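Reading through the structure tokens given below for one structure.
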Amino acid sequence: MSFEQEWSRASATAMRLNGAGRAPTGGGGRADLVVTPSDKAAAAKFIKEDLGPAATYEGGKATLASTSVFGSSNTNHGVLRGWDTRKGLDFCLERWGEAWQKISHRLRGEMNALYGTKTAFEVSEADRVRSLNKALEPVHGSRLNDL
């Protein structure tokens, strides 16, 4: 049996774990989830300084591990070089690389969105303060000023 046949049979009967149904809600209590701009800045900082670099480091491990097992054209001869399982591993590594790129782009997008939301809130806050201050300024030329 070829790898393609075996893979199509395995993927046809695979179990999906991303749809377990709706979880019960917590009742009619008052929601207490509050996210402040500083929380968003902290989350963006965590992605930038910890999670992003860790994802980059861990994502490269799969390629290095496969090179040590199967070898590469310009370095060493791996332990399993020339085996038929290379085709299956290459397929898995290609899928891994695609998923890794998607996650990296998603993390970068989330980080930028968090920083952008913080900036948008700060600009909105400054605009509101300006408009309120403008409303507090006395109107010139009113007869009420002379009272």
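Here are the numbers for this structure:
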read-out	value
Residues satisfying the stated conditions in the stretch 98-124, i.e. at pLDDT below 85 and exposed (fewer than 14 other Cβ atoms within 10 Å of the Cβ)	116, 119, 120, 121, 122, 123, 124
Residue within the stretch 55-70 that is over 30 Å from the mean Cα position of the chain (by Cα) and modelled with pLDDT under 80 present	yes
Subset of the stretch 125-147 [modelled with pLDDT of 75 or more and either among the basic types (Lys, Arg) or within 21 Å of residue 38 (Cβ to Cβ) (or both)]	125, 126, 127, 128, 129, 130, 134
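The values are calculated or read from the model by the stated rules, or taken from the named source; none is laboratory data. Worth saying up front: this structure is predicted, and the values here are computed from it rather than measured. Note that we place each Cβ from the backbone using ideal geometry, even for glycine, and neighbour counts take in every protein chain shown.
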